[in-house]
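Inspection log for the structure reproduced underneath, given as structure tokens.
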Amino acid sequence: MAPAVGREARPGLRGGRRVADVVATVVLLVVGVLVAIIASYAVAFSALAFRSCATPGNRCDEAVGTVAVTVGPVAVGVVLLLAVVVSVVRMVRARLAWPVAFLGLGLVVGVAVVARLLASGAVTVGI
């Protein structure tokens, strides 16, 4: 029988490497969930910066701030959900999954920081 053209047979993870990958992936995903919860609240609390918009001399771009505060926590959740789904699919297929979970954790933090910067940048404090 001739080998299949274009596909390379790769052995899956075995033994201790498989256990270590599953443990590391689960730990990273749990940490990712906790970080996503904290990051979502941090972005949502950025809405409190708009209380200073009524102060004379302050300017606010409420459209940008509202989008950042509303879309930010949703984007954090979507990034986390994608990281969980891709990690689980890779674990089921016996492939390394911890790098995906680690990247997802970094992207959760990155999305939260960008949303927080957008929300705080929408408020300009005057003299």
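When the accessible area of segment 51-108 is computed with all protein chains present and a 1.4 Å probe, what percentage of it is carbon and sulfur? Spell out each step's value before the answer.
Working: 2570 of 3520 Å².
Answer for segment 51-108 is 73 percent, counting heavy atoms of protein chains only.
Which entry in (1) -0.52, -0.63, -0.68, -1.04; (2) -0.44, -0.61, -0.69, -1.22; (3) -0.31, -0.44, -0.52, -1.23 matches log10 I(q)/I(0) by the Debye sum over Cα atoms at q = 0.11, 0.13, 0.14, 0.21 Å⁻¹ derived from the coordinates of this structure?
(1)
Can you work out the accessible area per residue across the chain, with the rest of the protein chains kept in place, probe 1.4 Å, in square angstrom? Intermediate values should be presented prior to the final figure.
On the way: 8430 Å² over 127 residues.
Dividing the accessible area of the chain by its residue count gives 66 Å².
Under 10 Å, Cα contacts only: if you run a Gaussian network model on the chain, which one of ALA44, ALA54, ALA83 comes out with the highest mean-square fluctuation?
Comparing ALA44, ALA54, ALA83 in a Gaussian network model of the chain, the most mobile one is ALA54.
What's the extension gain from LEU81 to ALA44 if we count 0.36 nm per residue and subtract their Cα-Cα distance? Spell out each step's value before the answer.
Values: separation 37, 0.36 × 37 = 13.32 nm, distance 1.89 nm.
Gain in length upon complete extension: 11.4 nm.
The values are calculated or read from the model by the stated rules, or taken from the named source; none is laboratory data. Bear in mind that the values here come from a model prediction, so they are computed numbers and not experimental data. Surface areas here come from the heavy atoms of the whole protein model, side chains and all, with no ligands, DNA or RNA. Shrake-Rupley method; radii C 1.70, N 1.55, O 1.52, S 1.80 Å.
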